[in-house]
Amino acid sequence: MGKTIYTLAIESSCDETAVAVLENGRKVLSNVIFSQIDIHKSFGGVVPEVASRNHLDKISEVIDEAIRTSGVSLGDIDHLAVTYGPGLVGALLVGLSTAKALAYALDIPLIPVNHIEGHIAANYIAHPDLKPPFVCLIVSGGHSHLVDVVDYTTFNVIGRTRDDAAGEAFDKVARTLGLGYPGGPVVDRLSKEGNPKAVAFPMAMMTEDHLDFSFSGLKSAVLNHLNSVKMKGEAIVVADVCASFQAALIGALKGKTELAIKRTGHKTLVLAGGVAANSALREALATIEGVTLYHPPLSLCTDNAAMIGAAGYYRWLAGTRGDLYVNAVPNLKIGD
Ligand code: KG4
Ligand code: ZN
């Protein structure tokens with residue numbers, strides 16, 4: 001048995017101030033999240049400046065709590081993993097500056113982590129038997145990708161959205177329907193009471209021979225439908241619109257995921273990101289034959305620091321090291 005490695009992880013890329021402590025990369029000792037969702041709700045979405053200020057307000061408290069509840073002391077920590085992109089620049093800088101200061105004071109390595117790699121790594125925490133290679137469908141508020149995960153630190157993006165991310169489509173449709181922010185969980189719930197065949201929304205790019213997605217046409221189709229129903233003076237059946245929109249979006253995700261599996265030949269399919277919490281998406285992907293499906297538990301789907309710690313641990317094993325000059329990269333791509 002080698003030495004036990006303790007990772008302290010910090011995530012502040014959007015509207016969650018999160019800190020976690022992990023043992024040997026896959027065991028979570030503490031995972032503290034201060035969510036700003038309630039603060040941003042009144043604005044109908046995340047306000048960057050408000051997010052940065054709240055991260056600044058909360059970060060020290062969240063670090064203290066993560067250390068206190070982990071059972072280890074700050075002096076036991078071996079390295080610090082921190083999200084440096086993609087995300088809101090001001091929000092990222094709060095976590096990154098804090099991580100740099102701590103790494104410097106404790107004299108331990110700083111491991112810059114790509115937030116999207118973190119979403120993938122959430123699955124390593126939940127499934128001790130999971131290892132690459134696999135196909136990963138990452139669907140969150142800011143990203144929609146199909147990735148060939150070759151090993152723990154090698155990612156080939158084989159498909160991506162050409163416009164909106166899947167979660168963004170959920171949020172925009174929900175906002176138009178007056179369902180509040182974030183939209184995904186509400187649309188997911190209401191869809192259960194609606195008829196997915198009520199409105200025939202388009203499934204974009206399905207006939208084409210590539211692995212990219214497009215959701216802006218679907219979003220516009222929903223808006224057009226709502227306008228035309230209103231013009232006719234008819235009532236909008238919110239549950240039906242939700243169910244039909246969700247069915248079209250999931251149909252596109254499933255179709256491209258099947259193609260990705262066929263092309264790569266991988267036998268394992270992994271779901272990641274905030275939209276991975278969607279119950280209908282999970283059910284649809286579970287019907288794909290010839291692959292074992294993994295997804296994180298709900299608590300690890302949306303932003304958290306435990307997933308950043310897991311990704312950071314594998315980056316650390318692979319030799320990735322940051323220094324005090326690492327900057328936030330708001331549009332960081334996976335595989336960079
Ligand atoms: O991964 P995440 O926490 O943040 C980003 O990195 O973007 O994802 C947040 C997104 C939001 O768009 C939210 O509406 C969506 O995930 N989401 C869902 C569900 N739960 C969260 N979308 C569909 N169904 C859900 N149950
Ligand atoms: Zn995220």
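Observations
- Helical mean residue ellipticity (222 nm; -39500 (n - 2.57) per DSSP H run of 4+; nearest 500) of the chain: -13500 deg cm²/dmol
- Of all the options Leu106, Leu137, Leu22, the one that moves most in a Gaussian network model of the chain with Cα springs shorter than 10 angstrom is Leu106.
- By accessible area, using a 1.4 Å probe on protein heavy atoms only, the chain has 54% of its surface on carbon and sulfur.
- Full-stretch length increase - Ala101, Asp78 - with 0.36 nm per residue and alpha-carbon distance subtracted: 6.8 nm
- Glu283 versus Leu223: modelled label distance in nm, points set 7 Å from Cα along the beta carbon direction: 3.0
- Applying a threshold of 22 Å to the alpha-carbon distances of Lys192/Lys256; Lys192/Lys254; Lys197/Lys262; Lys192/Lys219; Lys267/Lys333; Lys256/Lys333 flags Lys192/Lys256; Lys197/Lys262; Lys267/Lys333 as lying beyond it.
- Formal net charge of residues neighbouring Lys172 (Cβ-Cβ distance under 10 Å; K, R +1; D, E -1): -1
- Per residue accessible area of the chain, 1.4 Å probe, in Å²: 42
- Note on the chain: dipole from Cβ charges, positive end direction compared against Ala174, Val46, Pro86; the farthest Cα belongs to Ala174.
- Inter-part distance, the stretch 98-177 to the stretch 230-309, computed on C-alpha centroids, equals 15 Å.
- For the chain, the membrane-span-like helices by this rule, meaning whole DSSP H stretches whose C-alpha atoms cover at least 15 Å of axis and whose Kyte-Doolittle mean is 0.0 or above, are 89-106, 115-126, 216-231, 238-264, 306-317; this says nothing about an actual membrane.
- Where labels lie 7 Å past Cα in the beta-carbon direction, separation of Thr154 and Ala200 in nm: 4.6
- Accessible-area order (highest first, 1.4 angstrom probe) of the listed residues Lys262, Lys232, Lys100: Lys262, Lys232, Lys100
- Largest accessible area first, the listed residues Thr176, Thr207, Thr257 line up as Thr207, Thr176, Thr257 when surface is computed with a 1.4 Å probe on the assembled protein chains.
The values are calculated or read from the model by the stated rules, or taken from the named source; none is laboratory data. Predicted, not measured: the structure shown is a model, and the values here were computed from it. Don't worry about glycine lacking a Cβ; one is built from the backbone with ideal geometry, like all the others, and counts go over all protein chains shown. SASA here: full protein model, heavy atoms, side chains in, ligands and nucleic acids out. Shrake-Rupley method; radii C 1.70, N 1.55, O 1.52, S 1.80 Å.
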